[in-house]
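The values are calculated or read from the model by the stated rules, or taken from the named source; none is laboratory data. Keep in mind it's a predicted model, so treat the numbers as computed, not measured. In this analysis, Cβ positions are derived from the backbone assuming ideal geometry, glycine residues included, and neighbour counts consider all displayed protein chains.
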Amino acid sequence: MSYQHLIWLYRYLWIAPHVLLLAVAAVMFRKKLHKQYPVFFSYLVFESIEFGAVFAMTQRVPLSLYVKVDFFGRIADATLSFAIVQELFSAALGSLDSMRKQMSHLLRWVTVALVLLGSLCIWALCYSRLNPAAFPDYWSIEALRAAQCGLLFLVFLWHRFLGVRMPLFSFGVAFGMALVAALDLLTLAFKTSIMLPHGLSIDILNMATYHAAVVCWFCFALAAKKNVASDLRPPLTQYRERAAELARVAR
């Protein structure tokens, strides 16, 4: 494939997913999924607005300003991603507010621990002897991505632990986010090692992965039922009864 073809592919993979995000938001709004997943719906809207702003700036502002806007946009995306993970955990608890608050408190500590661990790993990668001080600004974002990979894995374990079936759309959101976060880490590893001269190809791979994630969200939004609300009370009630019985035995 010629360089010109790569440029056209790059432009398509940059524009098409963000246009499709609006379609995902429209399907969610039509099926009233935005009420069950308000943070993820806000992420779709924010990502589309951010893309419009960044796209308009490409030919009209200095490169230094563009890089700063892009960096802070990525930070905002990562922050929203943590809120989406929190939403996926909370969705499994239904209307059990007391357990939701306890889980929210525990999840914050787990998130801090995973961010610190991810920061340590990314620091070791970016400041290794192989390529010292590479990507000094963006490594913090990759540390957040590493923590998100761990949290998204815990989302699946959380539903398994509760003994409840994961809603179809929750599975699609978690799977797409995990795909994006994992490929972000992989492309960072490529760029900080022997693959550095092939930066355009790696960027295309990263953008193609994001495109696949958006298509995944769109398909799962179409497949989801209107007013999806998983009936989690029976299994959770049984779980709480078993926990109470164990507590009585322990006493």
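Couple of notes before you dig in:
- Pairs with Cβ under 8 Å, 6+ apart, first in the range 155-168 and farther than 17 Å from THR111 by Cβ, second surrounded by fewer than 20 Cβ atoms within 10 Å (Cβ to Cβ) and aromatic (Phe, Trp, Tyr): LEU162/TYR239; GLY163/TYR239; MET166/PHE156
- Of all positions in the range 93-111, none carries a residue that is of a type in the set (Asp, Glu) and either surrounded by 16 or more Cβ atoms within 10 Å (Cβ to Cβ) or modelled with pLDDT of 65 or more (or both).
- Restricting the range 60-82 to residues that are touching a residue at least 40 places away in the same chain (Cβ under 8 Å) and in contact with a Phe, Trp or Tyr (Cβ under 8 Å, 6 or more places away or on another chain), the residue that is farthest from TRP217 (Cα to Cα) is PHE71.
- Taking (1) surrounded by 15 or more Cβ atoms within 10 Å (Cβ to Cβ); (2) at pLDDT below 70 in turn, ARG145 satisfies each apart from (2).
- Residues of the range 2-27 classified as closer than 19 Å to ALA53 by Cβ and of a type in the set (Val, Ile, Thr), total: 2
- Among the residues of the range 28-65, the ones that are over 18 Å from the mean Cα position of the chain (by Cα) and closer than 22 Å to ALA208 by Cα come to 6 in all.
Table: residues versus (1) part of a helix (DSSP H, G or I); (2) in contact (Cβ under 8 Å) with a residue 24 or more places away in the chain; (3) within 30 Å of SER90 (Cα to Cα); (4) in contact with a His (Cβ under 8 Å, 6 or more places away or on another chain).
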{"site": "GLN4", "(1), (2), (3), (4)": "yes, no, no, no"}
{"site": "TRP8", "(1), (2), (3), (4)": "yes, no, no, no"}
{"site": "PRO17", "(1), (2), (3), (4)": "yes, yes, yes, yes"}
{"site": "LEU21", "(1), (2), (3), (4)": "yes, yes, yes, no"}
{"site": "ALA25", "(1), (2), (3), (4)": "yes, no, yes, yes"}
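- Condition met for ALA76 (at pLDDT below 75 and surrounded by 12 or more Cβ atoms within 10 Å (Cβ to Cβ)): no
- Failed item in (1) at pLDDT below 65; (2) under 24 Å from ILE202 (Cα atoms), with ALA182 passing the rest: (1)
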